[in-house]
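Chemist: Got a structure for you, written out below as structure tokens; questions coming shortly.
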């Protein structure tokens with residue numbers, strides 16, 4: 001077995017038995033993903049216990065399945081206190097066995113639940129034929145699940161054949177009163193998409209998407225949320241750049257503050273996107289659109305310091321890596337917003353909005369204060385429509401004062 005952990009307390013016989021063929025690869029994976037020696041010991045002990053159970057049950061590796069793993073966990077939890085990562089360890093093992101072709105290809109069974117069948121097919125349609133992102137598909141699926149449950153959907157042909165405009169409007173009226181205008185707008189967008197999918201698949205013949213009403217949500221009814229002058233530097237100063245996490249978070253916050261990046265753009269950023277020789281960075285934004293932006297010197301220095309000193313060696317090409325094992329890129333945008341919220345709290349800034357977009361709004365607002373044109377702001381923020389950027393004109397109070405009309409009757 002590969003000697004990756006020096007502690008002699010590793011279980012004896014873990015590299016023999018039915019799982020002996022995969023243990024070296026599993027151990028190497030633990031080392032590659034920077035698990036601590038203690039965590040590795042716990043994981044290998046569980047695999048050793050599984051090894052012994054398989055031998056007792058006379059089960060071969062090729063016969064492992066989700067059902068077998070479930071039976072093992074039931075047996076183990078009768079003997080030991082359940083740990084929250086037991087199932088995750090076994091999922092990692094199964095993935096490794098498949099990767100090394102030690103298990104036959106999994107056969108995807110059609111779900112028995114009719115809800116799940118139609119939801120899965122709709123999700124494939126959004127992904128493969130419409131090219132929508134994972135986050136959009138998750139948001140849409142939430143409302144489609146509600147729609148099917150509301151009308152007690154049970155059979156594809158019978159249910160959809162009877163579907164009419166009254167059913168659609170009844171669902172919207174029932175749901176909209178419990179949602180914010182923005183969330184209600186997302187609901188009707190998802191519903192239109194689903195009804196177009198049903199017509200595309202031949203489940204319905206009428207264009208029911210046309211009967212979905214619009215939700216009033218005035219685009220310019222609110223002001224963009226932003227930090228006050230000086231607060232950005234106050235937030236940046238909270239990153240302890242003497243530590244690995246501090247240097248990583250500082251680089252992330254600088255990308256948000258100086259370039260106005262979205263959280264998803266930082267999550268998807270790879271080592272190949274930074275062009276050091278010419279001082280540019282490739283950004284992969286919404287709608288699969290890409291853009292090339294200049295890399296400011298202070299941002300480049302912060303990212304370079306993190307890459308040179310702190311970024312662990314791992315197989316992923318993501319620029320920013322989790323601080324804890326498994327060492328890989330961030331799973332989603334929520335991780336970036338969590339860093340922002342945590343740093344704002346340390347800085348003592350009480351903001352009603354603590355997501356990553358706060359820095360994007362702040363950058364646009366500050367550029368406007370300094371006299372930048374809306375077209376320049378739209379170019380930096382990569383807005384597909386100038387109408388999106390016009391929202392920031394509302395915060396230029398000095399310019400708006402020149403347009404204000406005298407109050408009838410004058411000041412009293």
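The values are calculated or read from the model by the stated rules, or taken from the named source; none is laboratory data. Quantities reported herein were computed from a predicted structural model and do not represent experimental measurements. Don't worry about glycine lacking a Cβ; one is built from the backbone with ideal geometry, like all the others, and counts go over all protein chains shown.
Chemist: Looking at residue 193, is it touching a strand residue (DSSP E or B) at 6+ places or on another chain (Cβ under 8 Å) and more than 24 Å from residue 350 (Cβ to Cβ)? Walk me through how you get there before you give the answer.
Modeler: Numbers: touching a strand residue (DSSP E or B) at 6+ places or on another chain (Cβ under 8 Å): no; more than 24 Å from residue 350 (Cβ to Cβ): yes.
So residue 193 does not fit the description; no.
Chemist: Residue 206 passes all but one of (1) part of a helix (DSSP H, G or I); (2) farther than 30 Å from residue 350 by Cβ; which number fails?
Modeler: (1)
Chemist: If you scan segment 99-139, which residues turn out to be at pLDDT 90 or above and over 19 Å from residue 159 (Cβ atoms)?
Modeler: Answer for segment 99-139, where residues must be at pLDDT 90 or above and over 19 Å from residue 159 (Cβ atoms): 124, 126.
Chemist: Using beta carbons and a limit of 7 Å, which pairs, at least six apart or on different chains, have the first residue in segment 272-291 and at positive phi and the second one part of a strand (DSSP E or B)?
Modeler: 279/294
Chemist: Among the residues of segment 263-295, what is the count of those that are surrounded by fewer than 22 Cβ atoms within 10 Å (Cβ to Cβ) and outside any helix (DSSP H, G or I)?
Modeler: 20
Chemist: Checking residue 61 against (1) without any contact (Cβ under 8 Å) to a residue 40 or more places away in the chain; (2) more than 30 Å from residue 146 (Cβ to Cβ), which test does it fail?
Modeler: The single condition residue 61 does not satisfy is (1).
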